[in-house]
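Taking it in order: structure first as structure tokens, then the write-up.
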Amino acid sequence: MGKRITTLAVLFGMAIGTGAFTFKYAEGFSYFSKAPKACVNCHIMTPQYDSWQKSSHHGAATCVDCHLPHAFVPKYIAKAENGYHHSKGFTLEDFHEPIMIKDKNHRILQENCVACHEDMVYELFRRDMTHPDAVSCMHCHAGVGHGSLPTSIGGPDKE
């Protein structure tokens with residue numbers, strides 16, 4: 001019994017230690033902020049960050065404003081899901097290059113576009129922005145947040 005407890009304690013300690021090291025190495029606390037710099041902790045996002053700095057939305061919106069739900073609980077659920085997918089993808093190097101937005105995140109982006117620009121797009125979305133006939137904001141405005149299409153993660157090509 002003593003050997004089993006010792007083995008479990010050592011394994012648990014190794015898991016906690018590895019997790020703590022990884023969290024510190026990956027600058028984990030930075031992901032709790034709204035700072036756009038957190039998005040470039042991983043080099044794959046550098047083109048998106050650089051293009052955002054030159055975009056028309058640079059002074060008006062950060063990554064979090066566009067790419068995460070605004071309500072507290074859904075925001076942190078999305079952060080957790082994205083964090084899991086990003087860390088898995090970058091650890092196993094099995095992510096798509098160039099990085100592309102997934103359907104769920106595309107819906108979040110669309111909802112945030114409409115929420116911020118509701119006064120301008122009200123007539124377009126009188127029914128419902130999720131209606132099959134609704135036009136995606138990114139269909140025409142793919143480069144707004146990230147400049148040209150090669151660096152745009154909101155563009156028509158989704159994963």
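Taken together, the values in this text are just the output of simple stated rules run on the coordinates, not laboratory data. The structure presented is a predicted model; accordingly, all values stated were derived computationally and were not measured. All Cβ positions, glycine included, derive from the backbone under ideal geometry; neighbour counts span all protein chains shown.
Of note:
- Cα-based convex hull volume of the chain per residue, rounded to whole Å³: 148
- Theoretical gain in end-to-end length, Phe29 to Leu92 [0.36 nm per residue, Cα-Cα removed]: 20.5 nm
- Unit Cα scatterers, Debye sum, the stretch 53-114: log10 I(q)/I(0) for q = 0.18, 0.24 Å⁻¹: -0.75, -1.11
- Overall form of the stretch 19-86 per C-alpha gyration tensor (a/c, 1.5; a/b vs b/c): oblate
- Cα long-axis angle, helix 2-25 against the chain (0 to 90 degrees, to the nearest 10): 40
- Choice from His43, His146, His57 with maximal GNM fluctuation in the chain (Cα, 10 Å cutoff): His43
- Counting Lys and Arg as +1 and Asp and Glu as -1 over every other residue whose Cβ lies under 14 Å from the Cβ of Ile77, the net charge comes to +3.
- Under the criterion of Cα pairs below 8 Å and six or more residues apart, the relative contact order for the chain equals 26 percent.
- Relative packing of 6-17, 109-120, 22-33, which averages over residues the other C-beta atoms within 10 Å, highest first: 109-120, 22-33, 6-17
- Principal-axis tilt of helix 72-92 within the chain, Cα atoms, nearest 10 degrees: 70
- Fluctuation leader among Ser55, Ser87, Ser136 - the chain, Gaussian network, Cα springs under 10 angstrom: Ser87
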